[in-house]
Amino acid sequence: MKRTTIAVLTFSMIFLITLSGNPAFGASKALTNESDFNAGDLPQGTLIVHDFIFKNTGSEPLTLKVTSCTCGGVKYETPSPIQPGKTDKIRVSIPTKYLKGGYKKDILVQTNDPEKKEIHFTIQANIKGAVSSAP
């Protein structure tokens with residue numbers, strides 16, 4: 001009986017030590033398909049819309065929060081927590097009405113993934129000014 005109790009306690013301690021050394025156990029895990037998007041050459045006034053895709057490969061819901069500014073009319077649509085095994089997106093919309101030339105927007109997303117607390121994305125474009133001619 002004493003040997004069985006010692007064996008069970010030893011196994012339990014090893015199991016708990018293994019779990020404590022693995023921060024991803026019982027956690028969300030963010031997997032993304034890309035980190036940069038180049039919209040290319042666009043005429044001024046075009047609305048840039050792009051989806052950054054996330055898959056939760058962990059065992060707990062994944063939460064996402066954009067911490068970048070919304071200056072210049074930039075909008076972000078963030079999903080509800082993404083359940084384990086599911087995929088969703090952050091949709092970024094950027095108006096270019098008042099932009100011209102090279103454009104670059106950095107986007108920072110905070111997650112509850114213990115291995116990826118922050119994920120950085122970039123959107124780039126070259127905005128071509130509207131051509132006008134005076135009579």
Residue pairs, Cβ under 7 Å, 6 or more apart or interchain, first in region 37-51 and among the acidic types (Asp, Glu), second at pLDDT 95 or above. List them. 41/126; 41/128; 51/89; 51/91
Filter pass, residue 135 being over 21 Å from residue 75 (Cβ atoms), modelled with pLDDT under 95, of a type outside the set (Ser, Thr, Tyr) and surrounded by fewer than 18 Cβ atoms within 10 Å (Cβ to Cβ): yes
Subset of region 63-73 (residues that are at pLDDT 95 or above, over 17 Å from residue 34 (Cβ atoms) and either among the hydrophobic types (A, V, I, L, M, F, W, C) or assigned to a strand (DSSP E or B) (or both)): 65
Applying the selection to region 74-85, what residues are farther than 16 Å from residue 26 by Cα and assigned to a loop (DSSP other than H, G, I, E, B)? 74, 78, 79, 80
For residue 59, only one of the following conditions fails: (1) outside any strand (DSSP E or B); (2) of a type outside the set (A, V, I, L, M); (3) surrounded by 14 or more Cβ atoms within 10 Å (Cβ to Cβ). What is its number? (3)
Meets criteria (surrounded by fewer than 16 Cβ atoms within 10 Å (Cβ to Cβ) and more than 18 Å from residue 57 (Cα to Cα)) for residue 105: no
With respect to residue 57, determine if the residue is at pLDDT below 95 and of a type in the set (S, T, N, Q). no
Which condition breaks for residue 30 when tested against (1) at positive phi; (2) in contact with a Ser or Thr (Cβ under 8 Å, 6 or more places away or on another chain)? (1)
Which count do you get for residues in region 53-72 that are within 22 Å of residue 98 (Cβ to Cβ) and of a type outside the set (Gly, Ala, Ser)? 4
I need the full set of residues from region 38-54 which are under 14 Å from residue 109 (Cβ atoms) and either touching a Ser or Thr at 6+ places or on another chain (Cβ under 8 Å) or modelled with pLDDT under 95 (or both), in order please. 52, 53, 54
Filtered residues of region 104-115 (kept if of a type outside the set (Val, Ile, Thr), out of contact with any Leu (no Cβ under 9 Å at 6 or more places or on another chain) and in a strand (DSSP E or B)): 104, 105, 106, 108
Going through region 92-103 in order, the residues found to be assigned to a strand (DSSP E or B) and either of a type in the set (S, T, N, Q) or within 22 Å of residue 65 (Cβ to Cβ) (or both) are 92, 93, 94
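The values are calculated or read from the model by the stated rules, or taken from the named source; none is laboratory data. This structure is a prediction, so every number in the text was calculated from the model and none was measured. Because the Cβ atoms are built from the backbone with ideal geometry, glycine has one as well, and the counts that use them run over all protein chains shown.
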